[in-house]
Amino acid sequence: MSSAILEARQISKRFGGLVANEDVSLVLAGEPGQVVSVIGPNGAGKSTFFKMLSGFLRPSSGQVLLHGQDITGMPPHRIARLGLVRTFQETTIFPDLTAMEHVSLAHQLHREAGDLAVVLGLPRAREDEARLATSAADILELMELSAVADVAARHLPQGLLRLLGIAMGLAARPQVLLLDEPYAGLNPEETNRAVAITRKIAASGVSILLVEHDMKAVMAISDRIHVLYFGKKIAEGTPEEIRNNPQVIEAYLGQEDKELGL
């Protein structure tokens, strides 16, 4: 049995004659709390790779393992229950619900009381409500959102909505959190804050795998980086190794100064 936290074994995805990913492997091993990034130019296959890991797409071939258990092709809700949770580029919100209400709703995956107990207001349901409310408050504090806990989502700026999306992911109690472009659309101040909070999440013991185009943020936060190019993995290493990898520089086709900070 694999000792890795998360492992992708030569997974591929084909859409007819189009190959989106080809034999991509990735191992998230060692102690919990790592930050591993997947980067690559537009169209490199990063989003498809994330969708296969999290169950939103079934690989055409290959395996995905979570703590050694084969989760290949499982539906996303089952994978989430096992501890792998994905956030999305677009923050899906209910405009009139507060930040606290969003995070409380996201806790429903771990509700213990049945539907009938909730409807009848039985003690088990009330215990659930109190326990999950405490957890939601703790998550908002971790995400530095306590001050806006009672503010409707429609009034939150983009930077706080991004953090709220991550908070909702944390409510599912992940062991591995997949962050899909968490810093997209943020200004430098918002990005710096989000990067610092991402570090706090990792320090709490949650392993993080992220796709991100902001290379300054990626280089600052990552323990390891995997590089995709036209659906294939062309490099893997520490930020310093990736920054100096000739294949990676060539793949970015002259965008090194802006993208990789070289």
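Points worth noting:
- Among the criteria (1) in a loop (DSSP other than H, G, I, E, B); (2) at pLDDT below 75, the one Glu127 does not fulfil is (1).
- Selection count where residues are in contact (Cβ under 8 Å) with a residue 12 or more places away in the chain and over 15 Å from the mean Cα position of the chain (by Cα), scope region 193-202: 1
- Residues that are more than 11 Å from Phe49 (Cα to Cα) and either in a strand (DSSP E or B) or not assigned by TED's automatic domain parsing to the domain that holds Ser204 (or both), drawn from region 11-21: Arg14, Phe15, Leu18, Val19
- Sole residue being surrounded by 19 or more Cβ atoms within 10 Å (Cβ to Cβ) and in contact with a His (Cβ under 8 Å, 6 or more places away or on another chain), chosen from Met168, Met143: Met168
- Qualifying residue in region 173-188 (condition: farther than 25 Å from Ala4 by Cα and crowded, with 18+ Cβ neighbours inside 10 Å): yes
- Residue check for Val24: assigned to a strand (DSSP E or B) and within 17 Å of the chain's Cα centre (by Cα): no
- Filtered residue count, region 214-244, keeping only those that are in contact (Cβ under 8 Å) with a residue 60 or more places away in the chain and assigned to a loop (DSSP other than H, G, I, E, B): 4
- Within region 208-226, being among the β-branched types (Val, Ile, Thr) and touching an Asp or Glu at 6+ places or on another chain (Cβ under 6 Å) holds for Val211, Val218.
The values are calculated or read from the model by the stated rules, or taken from the named source; none is laboratory data. Predicted model, so just to flag it, every value in this text is computed and none were measured. Quick reminder, even Gly has a Cβ in these numbers, built from the backbone with ideal geometry, and neighbours come from all protein chains shown.
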